[in-house]
Amino acid sequence: ITIKNHIDGTPQESDFHVKTAVLSLAVEPGSNNVIVKVLYLSVDPYQINRMKRHSSTQRAVDFAVGITPGEEDLVAGVVTWGEHSIIRGGNMLRKLDPMGFPLSYNLGVLGPSGLTAYCGFFQVCKPKKGEKVFVSAASGSVGYLVGQFAKLLGCYVVGSAGSNEKVELLKEKLGFDDAFNYKEETDLKSALKRYCPDGIDMYFDNVGAEMQEAAVANMNTFGRVAVCGVISEYTDSGRRAAPHMLDVVCKRITIQGFLTADYLNIYPEFISTMANYLHDGKIKVLEDISYGVENVPSAFIGLFRGYNIGKKIVEIADN
Ligand code: NDP
């Protein structure tokens, strides 16, 4: 799958080519190149920033899963959108131990989304038991895990999402204390005042723009904003968060962006903690799987329309 042109605005099916081509067998002795047969592909919102003419992010922090024929190693890594991928030098791959979990978990709960939720919440937000947490895009692959981490720590947790079905899921299945449909609110600032009557100590920001402004307006003294992503700004270059800076000063608020790629050193700690949570049934897993390489563009486009619940994955081949 390739893009026809650089993408400006909301991605459409017509932005993508689905092509069939014969891969040159570039795996010669000594070349260190690896042919990957792709089993599962991850689609992620940040990928749109690499499809624009002017990209703000140069490096991917994302992985996908595949098998190298011949040696039959399971690997995770950065691959192209296709059924097979040639990885030059093999240095974007790592061997994968599924630890008895479904392979797809390595793109979500045990993969980049899980690590993002883990480092963003524990390292950037620096949470304490009993604090009030607000998470946006709370039913997305990062947000649904942040909310569950916060509940496990004994925080009060509120989430926002784009449908009533998602709101019910957050409250009934994932244990959020409260949740709301941001599309039904005309004034986000007053909505947050209603849903977080004791203010917000930590805001895990996945969307940016007006939601970030409303969250800062409702923050408590020494509140922290972990800016994980700003999905509402990715498809609209005119949208920008402009939180009230006097609020930031007077309430001594910390607003910190972060990249998961800077936290690879805590990957072993993350994997063992998350594997224990999963074994103990403490974390619920939400996956939203499509099938077939031809459905990669629609899976990706759906992220910007709120079609996914939990981690969006495309299964490319049987495993
Ligand atoms: P998902 O792909 O799982 O979900 C995206 C969700 O965002 C959609 O389901 C939709 O849900 C919501 N959304 C889409 N458009 C808008 C909009 N205009 N306004 C508000 N909400 C919108 O997302 P992830 O959980 O994988 O990613 C969440 C954020 O984290 C993204 O901004 C992403 O770029 C960022 N990220 C950052 C990383 C880092 O290293 N800093 C690493 C990984 C992700 P709804 O129905 O609620 O609208």
- Qualifying residues in the range 164-220 (those that are under 22 Å from Asp236 (Cβ atoms) and of a type in the set (Lys, Arg)) - the one nearest to the ligand (Cβ to nearest atom): Lys166
- So, first residue within 22 Å of Arg305 (Cβ to Cβ) and at pLDDT 95 or above in the range 131-154, second residue of a type in the set (Asp, Glu) and assigned to a loop (DSSP other than H, G, I, E, B), Cβ within less than 9 Å, six or more apart or across chains; the pairs are Ser141/Asp44
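If only one of Gly89, Gly30 is assigned to a helix (DSSP H, G or I), at pLDDT below 90 and either under 28 Å from Gly310 (Cα atoms) or more than 22 Å from the chain's Cα centre (by Cα) (or both), which one is it?
On the way: Gly30 fails: assigned to a helix (DSSP H, G or I).
It is Gly89.
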- All conditions in (1) away from the ligand (no atom under 16 Å from the Cβ); (2) part of a loop (DSSP other than H, G, I, E, B); (3) within 20 Å of the chain's Cα centre (by Cα) are true of Leu278 except (2)
- The condition from (1) surrounded by fewer than 21 Cβ atoms within 10 Å (Cβ to Cβ); (2) modelled with pLDDT of 95 or more that Val225 misses is numbered (1)
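Hand me the list of helices (runs of 4 or more DSSP H) wholly inside the range 162-220 holding 1 or more residues that are out of contact with any His (no Cβ under 9 Å at 6 or more places or on another chain) and under 23 Å from Ile255 (Cβ atoms). Talk me through it step by step, then tell me what you get.
On the way: elements: 164-172, 188-195, 209-217.
Those helices (runs of 4 or more DSSP H) span 188-195, 209-217.
If only one of Met274, Met219 is within 14 Å of Tyr118 (Cβ to Cβ) and in contact (Cβ under 8 Å) with a residue 12 or more places away in the chain, which one is it?
Numbers: Met219 fails: within 14 Å of Tyr118 (Cβ to Cβ).
After applying the criteria, what remains is Met274.
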- Residue match in the range 263-279 (condition: closer than 23 Å to Ile7 by Cβ and either in contact with a Ser or Thr (Cβ under 7 Å, 6 or more places away or on another chain) or not assigned by TED's automatic domain parsing to the domain that holds Ala191 (or both)): no
- Item | Answer from Ser113, Ser104 - the residue that is in a helix (DSSP H, G or I), touching a strand residue (DSSP E or B) at 6+ places or on another chain (Cβ under 6 Å) and crowded, with 24+ Cβ neighbours inside 10 Å | Ser113
- Top-ranked residue of the range 289-318 - restricted to ones that are of a type outside the set (S, T, N, Q), within 8 Å of the ligand (Cβ to nearest atom) and not in a helix (DSSP H, G or I), ranked as nearest to Pro112 (Cα to Cα): Lys311
- Can you pull out the residues in the range 246-263 that are more than 23 Å from Gln123 (Cα to Cα) and exposed (fewer than 11 other Cβ atoms within 10 Å of the Cβ)? Leu246, Cys250
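Only one residue in Gly77, Gly111, Gly9, Gly66 is at pLDDT 85 or above and closer than 18 Å to Ile289 by Cα, so which one is that?
Values: Gly77 fails: closer than 18 Å to Ile289 by Cα; Gly9 fails: closer than 18 Å to Ile289 by Cα; Gly66 fails: at pLDDT 85 or above.
Result of the check over Gly77, Gly111, Gly9, Gly66: Gly111.
The values are calculated or read from the model by the stated rules, or taken from the named source; none is laboratory data. A quick note: this is a predicted structure, and the numbers were derived from the prediction, not measured. Note that each Cβ is placed from the backbone with ideal geometry, even for glycine, and that neighbours are counted across all protein chains shown.
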